[in-house]
Structures are given as C-alpha cells and as structure tokens.
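Here's the structure, in structure tokens; my notes come after.
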C-alpha cells in the first residue's frame, strides 16, 4: 500500500468541529460590518508579483523571504497573496471604485506566507480585511477601531488591549528616519544582520525587531512622536479624543510601526497576552499614499485585518460557543420503498418551514438510527415505520429530555415542533 499523501507543512485542514467556532466569528463579523455600512468585495488569490513589490516594499521580510512566487507558462511572475490590502486597492483602481468616491469594503479568505510554522503562524492563514477609501479625517480611524471593538463585544472576547501610534506623513517620517539612522549607526555593534540590512532602505522596521538582544537599543531610540509634523500630531490627538469620548481604552505605543511599508499616520493593534508570542489579533492603520503608489489618483485610505486562526484560538481559550448548525430534527425511516419516500417528503416539508433536518440514509435498525440521531445533536428524532405510515403519523422522540415520544400527524408536524422548541 502506498503511503498516504499529507497536507503541505503549515497549511492545515479545518475540520467541521473547528469550523463551528469560525462560522460563529464570521457570522458576527458580517453582521457588525453591515451595521457600519461596509460591503463585501472579492478578488483573486493570485496577483502579479509587482503589485506586492510596489505596495509592501521590496526590503521587507514578506517580499524578500516569505512570498510564494512563481512564473506561469507565459513567463509572468505571479504571487499567492500574502495580504489583502494591495489586492483590494488594485481591484478598486481597475474597476473605477475609488477616484472621488467613498467606499467601505471588506473581504475574507486565505493568505500565504512561507514562514516557519508555529502556533498562531501558518503558511496558509485566513483573514477578514476591512478597507475604507476617500475619507482623510481621524473619525474614520476611530470608526475602524470602534467597529473592531464591537466585534469583540459581540463575540464575548475579553481582555484585548488596543495599542495605537502615529507614523506621521512621509515627509515627517523622512526627517525622523535621518535621526533614527544616525542613532542606530552609533550602535551598529549591537544590531543583528537583518537590522543592518534595513538601515538604508527601511530603518523604521528595526524598531519592530523581536530580537531580545536588541531591545535595550530599541527602547532608547529617538521617539517618533517627538518628530511628528503639526498636522499628523493634530490628527492623532483628535483620534485620541474620539476614542476617549467613546469609552475605548488604549495604550500609546511609540514603537508600534507595523511590518508593511505603506502605512502613514495612524497605526493600531489589538493584542492579547493569552496566546504567547503570537499575541496580535487584529492590526491596521492609515495608508493614504498607497492608491497613488499603485497607479490610481491620490485617495486617502485606512483599514485593518484580523487573523481568524488567532481569533478562533482566543475564542476557544475563553470558551466562546461556536455556531450551532447541528440538525434540529433527525428523520429515521424504518424500511424502504414507500416509507423512505414519505420520510423524504417530511424532511423536505420541514426544511421548507425553516428547520435543519438530517435524513437517515442507508437503512439500519431503530437502535442504530437513534444512536446516530443522538450523535448528530438533533433535539428530536422522527420515527417512521410501517405502522406509522399506515396511520398517517410519525413518532416524535425527544432526544434532549426525558419526555415520552408521541405520535403526530404528518400535517401537524411543523406546528408541533415549533411549540416543542419553546
């Protein structure tokens, strides 16, 4: 016998029991996003590699080390999307959604990065992304944070901390960059190889280093907040007032820089201490220059992405209940021919009335069918044999209580089950 083929390392199967919690999260997210006026957009998993080089930045771990990039049969360089914002912007530009318009959009799906797999970090992972275009003011930044906070509340997630910072405008960041590079070069002997390589292209990423031997150097680095331009400082202060007024607690983290090059001004993360090293659940910010950078007209924009694997893990840790999609009714036909035909009609009638119904297929004894009915999670089993068929009834057996089973006429079944549910 040949050896069974296994999944690719870091790309995991999502099984039905696990997905019940994912479905609960997704359903809550769709409801919250609709409440804020956000509409879904879908775009391809594959994009031209150039899209990510221009948006994320060529001197980033994602582009240099982590992207799944290959040449197709036409010789074009293609990449499995490592994040969603660039693809959303590309779709918006190409389809005329962004120029001189306000758009509130969201998307969901898999992303791909060739990282070292570990708990909370996988090579195929899933995100819900939220992007808003055409609004430059800090009330949009606050809306995105309030939207995410409402989702945590809807799900019953506890203990998330909001960290915020401002990266300023590109001009202010350029001034800060010169100061930061001078400081880091003075401590060159304490930098790791990745940080030295980033000094010329993207020195702010050094502040995002997780190398424990560099934390003292990073902690004493010049503070970006002290180099903000007046407009960015006013934008950030306004955001803080809006969050204060809405009762949203936050921590200003001057070392929060985010791992993608396109961010400007506001950046934020929701973090937890309950998942170990991979504690960021949701992250985003403002990226006012990205649309123009990718060939569109200048358009202000902001957004965030939340990681479904990490959020589901945190929800499970906090014992958040998953979506209940188990059948409510299990139909057990004891026989074949006319009995199966009537059982099928009953199941369809109940589904027409809005019930979740599992119809037993493949025959079997009453004992075996009731065992499967109980395992399905259904509240009632509907037993239909020769005697029931002749009498025009089905025996309704409660599976989650000690109540006795009783015969119910076919026509009365939907009303009976509705009353029993209360």
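Annotations
- Residue count for region 141-168, restricted to those that are part of a strand (DSSP E or B) and either within 14 Å of the chain's Cα centre (by Cα) or surrounded by fewer than 21 Cβ atoms within 10 Å (Cβ to Cβ) (or both): 3
- Which listed residue, of 59, 89, 63, is at pLDDT below 95 and buried (at least 18 other Cβ atoms within 10 Å of the Cβ): 63
- Taken as a whole, region 346-353 holds no residue that is outside any helix (DSSP H, G or I) and surrounded by 14 or more Cβ atoms within 10 Å (Cβ to Cβ).
- Any hit, region 329-341, residues being under 23 Å from the mean Cα position of the chain (by Cα) and either touching a residue at least 24 places away in the same chain (Cβ under 8 Å) or in a loop (DSSP other than H, G, I, E, B) (or both): no
- Residue match in region 317-325 (condition: modelled with pLDDT of 95 or more and in contact with a helix residue (DSSP H, G or I) (Cβ under 7 Å, 6 or more places away or on another chain)): no
- Any hit, region 94-115, residues being in the same structural domain as residue 249 (by TED's automatic domain parsing) and over 22 Å from residue 262 (Cα atoms): no
- Restricting attention to region 186-206 and to residues that are under 32 Å from the mean Cα position of the chain (by Cα) and assigned to a loop (DSSP other than H, G, I, E, B), the residue that is nearest to residue 216 (Cα to Cα) turns out to be 202.
- If you go through region 1-56 and keep only what is more than 25 Å from residue 310 (Cα to Cα) and either part of a loop (DSSP other than H, G, I, E, B) or free of Cβ contacts under 8 Å to residues at least 60 places away in the same chain (or both), you end up with 1, 2, 3, 4, 5, 37, 47, 48, 49, 50, 53.
- Every residue from region 20-44 that is surrounded by 15 or more Cβ atoms within 10 Å (Cβ to Cβ), in contact with a helix residue (DSSP H, G or I) (Cβ under 9 Å, 6 or more places away or on another chain) and under 26 Å from residue 322 (Cβ atoms): 21, 22, 24, 25, 26, 28, 29, 32, 33, 36, 38
- Filter result for residue 81 (in the same structural domain as residue 40 (by TED's automatic domain parsing), in contact (Cβ under 8 Å) with a residue 60 or more places away in the chain and over 14 Å from the mean Cα position of the chain (by Cα)): no
- Single residue of region 241-257 satisfying the filter (in a helix (DSSP H, G or I) and crowded, with 16+ Cβ neighbours inside 10 Å) that is nearest to the chain's Cα centre (by Cα): 243
- Verdict on residue 400 being at pLDDT 95 or above and surrounded by fewer than 20 Cβ atoms within 10 Å (Cβ to Cβ): no
- Residue list for region 286-316, restricted to those being part of a helix (DSSP H, G or I) and under 17 Å from the mean Cα position of the chain (by Cα): 308, 309, 310, 311, 312, 313, 314, 315, 316
The values are calculated or read from the model by the stated rules, or taken from the named source; none is laboratory data. A quick note: this is a predicted structure, and the numbers were derived from the prediction, not measured. Don't worry about glycine lacking a Cβ; one is built from the backbone with ideal geometry, like all the others, and counts go over all protein chains shown.
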